[in-house]
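Structure, as structure tokens:
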Amino acid sequence: MTRKKLPIGIQTFAKIREENCYYVDKTPLIQRLITGGTHYFLSRPRRFGKSLLLDTIAEVFEGNQALFKGLDIENKWDWDICYPVLRFSFGAGQLRNRQELDRRIIDLLKQNQQRLGLACDEDWKSDIPACFGSLIRETHAKFKQKVVILIDEYDKPILDNITKSNVAKEMREGLRNFYSVIKDSDAHIQFAMLTGVSKFSKVSLFSGLNQLQDITRSKEFSAICGYTDADLDTVFAPELAGLDRDEIRTWYNGYNWTGEAVYNPFDVLLLFKEREFRAFWFETGTPTFLIDLLTQRQVFMPDLAKRVGSEALLSSFDIDDIATEALMFQAGYLTIQSVQRLGVQLRYVLGYPNREVESSLNEVLLRRYTANDSTSIQLSSRLYELLLVNDFDGLKQLFTAFYASIPNDWYRNNPIAQYEGYYASVFYSYFASIGLDIRLEDVTNRGRIDMTVLFNDNIYIIEFKVIEQNPDGSALAQIQARNYSDKYKAHQQPIHLIGVEFSKEAKGVVGFEVISC
């Protein structure tokens, strides 16, 4: 099989095609999109191929048939009709105030004017909506075809300032001033699409732009960005040699918007280049404000693996109203595991998409929870080593060390340590941070196991209890009384029942019992 160039960091369709890069043919979905509607909105996490999608759509509308040779759309599109395209992207740099935003918008308008051969009226610069509206009308008049409008990273000026409420609101007003023109220019628009990371409410940002069809959670378009399992096995088949296919799936697959699950392209391409499993996407930058928000809200970390959100909640995102579920989902740290219908309402069961996100996020939060980066890393590594050899005496000492390493002053001065689930969160995050196969609240016919860990052909059933001071054996007793191990006996692997008892008063593990069967 012939290997091609990996399109790492390439966001232009023409460059991918002209340089003989791997390309996953998204044109069947693109054709369905542009023939089935006119105004769209799509939210996807960062580095998910949104810019490439918009660039490909632009090339279709501009009639660049040669770039689509051999692709699905080649013989299904009328290439004789070309549409003028207005392109806007707020991805470059960081805008710090409304003045900088307005200057950026004016510059983008001028770039489009120059590219389309239209004169720039200097008087427009004091009135952005007038400038944008005139550009749309004049483009339609010049080319005798309605205009295509593509806006990438539509929300970035707001997100870059989300921790500065006043600045973020200024950015929102400036963008609303710009986007409102789309609604009033409908007669001149053939197609419009906005993409970004977050979905801000239409009331707060789009000022009545109700014709935008949100395809973020569309089953039909779930795979319009990202790579599917089938894509890896066909398009990228030459790159798979020497890599464990199941490991690729476990590490990077799992993002889902109610349809087919996909991989983040950035992860896959870096894996094929580096030939090792790493948290490539996560390492490109997890926003500090996200970690701050999770700690401030005292989020019980095991619960993140099984959050439930309503349709309205996942769509609710604004500067002063950021629901934890909506933020985590839109940013890509949680994804849709299943959909439940309760009467007329939909409920989305959310969870981590894959090992990369679960382990990396818990590693970052563990540092925040324990106030000692180097120690938490050392203890995580030690946990892995002890599980490899089933050294349970060593595990008992290690579990005690989890909490003993946290300075007393930190306990006194940080409200994180006072919330109900803090100690269990620390315990769970150590396991999650090293990427183990963890089943939380593992359901059996006799109850729910706190945590089941499958590792190295062994099964660990763990019950964690917070008690007053003296251990009473109730953690292990519960595992035995409810026959939790029955669920896994068919696996014919060693099963270890572990009861861990923690004293909040003593701030440490006071009970640790193990029975192997």
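Summary of computed values
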| item | result |
| --- | --- |
| Qualifying residue in segment 430-445 (condition: charged (D, E, K, R) and over 23 Å from GLU356 (Cβ atoms)) | no |
| Test: residue in segment 4-15 that is assigned to a helix (DSSP H, G or I), free of Cβ contacts under 8 Å to residues at least 60 places away in the same chain and surrounded by fewer than 20 Cβ atoms within 10 Å (Cβ to Cβ) | yes |
| Residue within segment 107-127 that is over 30 Å from the mean Cα position of the chain (by Cα), in a helix (DSSP H, G or I) and hydroxyl-bearing (Ser, Thr, Tyr) present | yes |
| From ALA230, ALA261, residue being modelled with pLDDT of 95 or more and either surrounded by 22 or more Cβ atoms within 10 Å (Cβ to Cβ) or under 16 Å from GLN337 (Cα atoms) (or both) | ALA261 |
| Leading residue by the ranking (nearest to PRO302 (Cα to Cα)) among those in segment 458-476 that are at pLDDT 85 or above and in contact with a Gly (Cβ under 7 Å, 6 or more places away or on another chain) | GLU463 |
| Selection status of ARG137, surrounded by 15 or more Cβ atoms within 10 Å (Cβ to Cβ) and not in a loop (DSSP other than H, G, I, E, B) | no |
| Qualifying strands (runs of 3 or more DSSP E) (wholly inside segment 397-473; at least 2 residues being of a type in the set (Asp, Glu)) | 437-444 |
| Residue among LEU313, LEU294, LEU290 that is without any contact (Cβ under 8 Å) to a residue 24 or more places away in the chain, in a helix (DSSP H, G or I) and either buried (at least 16 other Cβ atoms within 10 Å of the Cβ) or of a type outside the set (Val, Ile, Thr) (or both) | LEU313 |
| Of all residues making up segment 152-170, the number that are outside any loop (DSSP other than H, G, I, E, B) and either out of contact with any Gly (no Cβ under 7 Å at 6 or more places or on another chain) or surrounded by fewer than 22 Cβ atoms within 10 Å (Cβ to Cβ) (or both) | 10 |
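Residues are listed down the side, and each one gets a yes or a no for (1) surrounded by fewer than 21 Cβ atoms within 10 Å (Cβ to Cβ); (2) of a type in the set (Asp, Glu); (3) in contact with a helix residue (DSSP H, G or I) (Cβ under 7 Å, 6 or more places away or on another chain):
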| site | (1), (2), (3) |
| --- | --- |
| GLN340 | yes, no, no |
| PRO353 | no, no, no |
| SER359 | no, no, yes |
| ARG367 | yes, no, yes |
| LEU388 | yes, no, no |
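The values are calculated or read from the model by the stated rules, or taken from the named source; none is laboratory data. Keep in mind the model is a prediction, meaning the values are calculated, not measured. We place every Cβ from the backbone using ideal geometry, glycine too, and count neighbours over all the protein chains shown.
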